[in-house]
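Asker: Structure in structure tokens, see below.
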Amino acid sequence: MVTPETARLFIVAELPTAAMEELAKLQAQLKKASANRAARWVSPDNIHLTISFLDEVVLSRIDSVKNAIRLTAGEFSFIDLTLKGIGAFPNFLQPRVLWAGLGGDITKLAALQKHLEARLSQAGFISEKRAFRPHLTLARLHNESIPNDKRRLEASAGKATFTAQTFSVTSISLMQSRLTPSVPIYTRLFSTSLRA
């Protein structure tokens, strides 16, 4: 039986260089806490704001995803955001994902995400069940991480300092993720600007 080719897709707002550089400094502070044993760190170049994760999509449906992005982008002007705080999912007692938070016009960002999800739903894609919680993933923690490493990482997160870098979301991009044994490889397939 022949199965259709698919691609693992997600929709993001990419970060400007200055924000990625600030996050790289933050990661450097946090890495010292765990001696690199407790976490798999995201390359600063790969840090992004995920707006919607689509998972595996049949290649013939990519144009409908692009159309949903294009229509949504035309409805929104630039969104001003600020790097703000550090957290963990689900929490610091059992951290699986370490992230940097966002402040600024989160209400407008959430509205954009909701509009995009509605357009994707109209195109036949299943909406994410989880509530939208905008964040920037810094690291993923291993299940077998040493408890002391996790405690040091939490303590370091509480003391870490970084500049509250302000930036504008000016476009939305469709990305493909190829999973490899070491790190995922991201490829931009499409990008369109928000209204200036």
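Asker: Using alpha carbons only, how many degrees (0 to 90, rounded to 10) separate the axis of helix 106-122 from the longest principal axis of the chain?
Answerer: 40
Asker: Quick one: helix 17-34 against the long Cα principal axis of the chain, what's the angle to the nearest 10°, folded into 0 to 90?
Answerer: 40
Asker: Leaving out ligands and nucleic acids, note down the accessible area per residue over the chain with a 1.4 angstrom probe, in whole Å².
Answerer: Dividing the accessible area of the chain by its residue count gives 54 Å².
Asker: Determine, for each peptide in 88-94, 75-81, the mean count of other beta carbons within 10 angstrom over its residues, then list the peptides with the highest first.
Answerer: Put in order of decreasing packing, that is 75-81, 88-94.
Asker: Whole number please: convex hull volume per residue of the Cα set in the range 97-142, in Å³? Provide the component values of the computation, followed by the final result.
Answerer: On the way: hull volume 3.9 nm³, N = 46.
Enclosed volume per residue, from the Cα hull, is 84 Å³.
Asker: Can you pull the Rg over Rh of the range 152-196, Cα-only, Kirkwood?
Answerer: Rounded to two decimals, Rg over Rh is 1.17.
Asker: Across the range 6-102, what fraction of all alpha-carbon pairs, as a whole percent, falls in each successive 10 Å bin from zero upward?
Answerer: Reading the bins upward from 0: 12, 37, 31, 17, 3.
Asker: Rank-order 174-180, 26-32 by packing density, defined as the average count of other C-beta atoms within 10 Å over each peptide's residues, highest first. If you can, show how the numbers build up before the last one.
Answerer: Working: 174-180: 15.1, 26-32: 17.0.
Ranking the peptides 174-180, 26-32 by packing returns 26-32, 174-180.
Asker: Could you work out how far helix 147-159 tilts from the main Cα principal axis of the chain, as a 0 to 90 degree angle to the nearest 10?
Answerer: Once rounded, the angle reads 80 degrees.
Asker: Using a probe of 1.4 angstrom, how much of the accessible area of the range 70-126 is carbon and sulfur, in percent?
Answerer: 56
Asker: In a solvent-free Debye calculation with one equal scatterer on each Cα, what is log10 I(q)/I(0) for the chain at q = 0.08, 0.12 Å⁻¹, listed in the order of the q values?
Answerer: -0.28, -0.63
Asker: Taking 0.36 nm per residue of sequence separation and subtracting the Cα-Cα distance, how much length would be gained by fully extending the chain between K32 and L189, in nm to one decimal?
Answerer: Gain in length upon complete extension: 53.0 nm.
Asker: Determine the share of the range 157-196's accessible area contributed by carbon and sulfur atoms, expressed in whole percent, with a 1.4 angstrom probe.
Answerer: Carbon and sulfur together cover 52 percent of it.
Asker: First obtain the Kirkwood hydrodynamic radius of the range 77-159 from its Cα pairs, then insert it into the Stokes-Einstein equation at 10 °C and 1.306 mPa s, and state the resulting D in µm² per second as a whole number.
Answerer: For the chosen part, D equals 107 µm²/s.
The values are calculated or read from the model by the stated rules, or taken from the named source; none is laboratory data. Computed from a predicted model, the values in this text were never measured in an experiment. Please note: Cβ atoms are built from the backbone with ideal geometry, for glycine as well, and neighbour counts cover all protein chains shown. Note: accessible area is taken over every heavy atom of the protein model, side chains too, but ligands, DNA and RNA are not part of it. Shrake-Rupley method; radii C 1.70, N 1.55, O 1.52, S 1.80 Å.
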